[in-house]
Amino acid sequence: MYSHRIKIGISIPLVLTLIVASGCGERFPDPSQEGEFERTVFLEEATGTWCVNCPAVAANIEVLLDEHPDELIVLALHSQTQDPYASDETEARLSDFGVAAFPTVIFDGVEAFEGVQTVEAMAQILQHRQALGSPLMIEVEATEAADSVSWKVGVIVSSLIEESIDGYLRIALVEDTLTDESAGLLHHVVRRLPEADAPVRLNPGDTLEFDRTLALETNWGRPLIAVAWIEDANHEVYQAASNELGGGNPDMGDFSIDLDGDSIQILPVSQIGQSVNFNFTLQNHTQNPLTLTLDLPEILRELPEHWSFSLCDETICYSVPSDFDLPASGLLEGLHLAIGTSAEDEETEGTMVLTAASGEEIDTQVFILRIE
């Protein structure tokens with residue numbers, strides 16, 4: 001593996017160094033002070049599906065994101081004609097930086113490192129950039145229509161900066177996760193990255209709002225990430241923000257178990273020995289297909305000794321755990337949990353917990369059957 005640190009400028013060749021200079025970057029007003037802003041670090045990854053060492057740095061970036069949630073935004077800039085995710089827009093961005101080696105990671109448009117970087121090395125640069133603070137706060141709202149995505153970008157400028165900033169508002173549309181037949185799992189794939197409009201004068205204490213719209217391809221997966229940032233003429237990033245589109249409902253998650261009746265049912269003593277159905281629907285709240293694993297964990301079962309249960313749809317019953325495929329923004333209806341009682345019981349109660357899982361997210365539903 002190899003590693004070089006490079007300082008980027010817009011009109012000068014890349015200069016190789018081997019250490020991080022402690023004075024690199026202008027120090028903005030102290031972000032710990034009231035009214036000042038913490039920096040969200042902006043990481044751009046020069047990559048390609050053809051690149052042998054790129055998966056290693058991509059994996060390390062994912063670990064960095066896990067260890068520092070909400071502290072950085074990542075854009076994967078694909079390059080070269082044989083890469084299906086490269087575009088004129090990503091090539092233009094890489095050309096602006098003068099990138100010649102893959103992989104290269106670029107922090108806030110000014111600190112770039114060639115080769116596979118360790119998580120620890122990138123974490124040090126992340127902390128170095130965060131310590132600079134930011135003169136801006138950015139908030140992004142994004143909405144998706146049938147063929148476009150619209151940004152509403154709010155910018156607040158620190159009242160403590162001494163001079164106005166001539167900044168460029170940039171936006172990008174990023175496909176968060178996709179699976180490529182040859183390259184496997186890819187993250188943060190830039191789908192759109194238009195050139196900046198004219199510079200905007202940002203005066204101390206200003207509050208501004210901007211509207212932008214980009215065309216949307218219907219075959220792009222979800223979730224999509226709408227990203228916005230302010231940079232200077234040399235591409236140094238002052239601040240960045242993002243908003244997720246097509247992910248899970250923030251209140252309900254990516255999916256849910258929705259009851260089609262009561263979760264507590266009463267079986268008269270006169271009907272003991274019969275079974276009772278608890279009907280439910282699985283709902284996908286994302287715009288991606290989902291596979292849910294349904295289970296009835298033994299550790300969560302509290303059934304009388306002779307009772308039985310089965311997980312079924314309208315035609316067949318399933319072993320547990322079992323996987324169920326849900327279409328994007330779709331439902332899987334007609335499911336039920338059948339709990340069968342024993343003729344030997346009198347007044348008693350049984351409880352079962354149904355779990356639905358996808359990735360790290362889990363939804364649960366408790367079902368209770370009482371004999372009275």
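In table form, for the structure just shown:
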item	result
Theoretical FRET efficiency, 1/(1+(r/R0)^6), r = Cβ-Cβ of ILE266 and ASP70, R0 51 Å, to 0.05	0.65
Burial ranking of peptide ranges 258-269, 228-239, 73-84 (average Cβ count within 10 Å, highest at the top)	228-239, 73-84, 258-269
Residue-averaged [θ]222 nm for the chain, counting only DSSP H segments that reach four residues, each worth -39500 (n - 2.57)	-3000 deg cm²/dmol
Net lengthening on full extension, ASN203/THR218 (0.36 nm per residue, minus Cα-Cα)	1.5 nm
Descending semi-axes in whole angstrom, ellipsoid equivalent of the chain, from the Cα gyration tensor	51, 22, 19
R0 of 30 Å, Cβ-Cβ distance VAL353-LEU185: FRET efficiency to nearest 0.05	0.45
Difference of contour (0.36 nm per residue) and Cα-Cα distance, ALA328 to GLU195	44.7 nm
FRET efficiency for ALA343 and ARG301, using Cβ-Cβ distance with R0 set to 22 Å, rounded to 0.05	0.60
Between 0 and 90°, nearest 10: helix 119-130 axis offset from the chain longest Cα axis	60
Projected label distance in nm at CYS317 and THR293, using a 7 Å step from Cα toward the beta-carbon	2.3
Rel. contact order, % - alpha carbon contacts under 8 angstrom, at least six apart, the range 117-240	33
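Values in this text are rule-based calculations from the coordinates and carry no lab data. Keep in mind the model is a prediction, meaning the values are calculated, not measured. In this analysis, Cβ positions are derived from the backbone assuming ideal geometry, glycine residues included, and neighbour counts consider all displayed protein chains.
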